[in-house]
Amino acid sequence: MLQQHGEVQVRAGADADLPALTDLYNHYIRETCITFDLEPFTPEQRRPWLLSHPQDGPHRLLVAQETTERTKNPHNGPLSHPSTGAEASGAGHAEASVTGQAAALGAERGASGAGHGAASGVGRPYGALLGYATSSAFRPKAAYAPSVEVTVYCAPHAAGRGVGTLLYKALFEALADEDVHRAYAGITQPNEASTRLHTRFGFRHIGTYTEVGRKFGRYWDVAWYQKDLG
């Protein structure tokens, strides 16, 4: 899968993206409630997550990358330089993170070769990583297989460019031919920006877990949203 949208390219994630993907996710761990992880990861610690999202099937990893050369990387890989300022879709990331889980501050403050294709960057334009979207197993038990949990994270410097919308659009197009019946997204409260993004893509609120997570010295509610698929 490869889609071009002006200066933004949406494609399947590759092994070469792992450092930038880890850097971006660690930003949200340290600075926001968007994810309930508390400790940053190394790229190698994050590798099993990458490998759990092949290029086909119901569990996907899509990345959005700058296609201009103004952020050219001499090491032939995508760059990611998230700031430490306000996050995702709320204060500055209107569509930033959503782990199916949230797109903004407030929303949960919070590849390998065979599965992800060539990792060398050959044939890909150089540019900064702008964000990523995933569909992942909703629960490990076998009967949950037709359900996925979706998530979107956008780099702070990509705010206002519609990156979250592009990623979700590509993700749901990719899932259209898969055996997926429901998509779920958990949004830490409050997060109006994430709610708007998910509503735009046909999600509806189905319930809220109250004070289900503790981060930064306080408890957070997580609202769950459901999208009915094929």
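Annotations for the structure displayed:
- 3 or more residues modelled with pLDDT of 95 or more and over 28 Å from Arg214 (Cα atoms): qualifying strands (runs of 3 or more DSSP E) within the range 1-111: 8-12, 61-66
- Matching residues, the range 151-178, being in contact with a strand residue (DSSP E or B) (Cβ under 6 Å, 6 or more places away or on another chain) and polar (S, T, N, Q): Thr151
- Across the range 169-204, the qualifying residues are those that are under 19 Å from Cys154 (Cα atoms) and assigned to a loop (DSSP other than H, G, I, E, B), and the one among them that is most open to solvent (accessible area, probe 1.4 Å) is Pro190.
- Any hit, the range 159-174, residues being within 23 Å of Trp49 (Cα to Cα), hydroxyl-bearing (Ser, Thr, Tyr) and at pLDDT 95 or above: yes
- In the condition set (1) farther than 28 Å from Glu192 by Cα; (2) surrounded by 21 or more Cβ atoms within 10 Å (Cβ to Cβ), His27 is compliant with all but (1).
The values are calculated or read from the model by the stated rules, or taken from the named source; none is laboratory data. All of these numbers come straight from a predicted model, not from anything done at the bench. Positions of Cβ are backbone-derived with ideal geometry, glycine not excepted, and every protein chain shown enters the neighbour counts. Side chains are part of the model used for accessible areas, which takes the heavy atoms of the whole protein and leaves out ligands, DNA and RNA. Shrake-Rupley method; radii C 1.70, N 1.55, O 1.52, S 1.80 Å.
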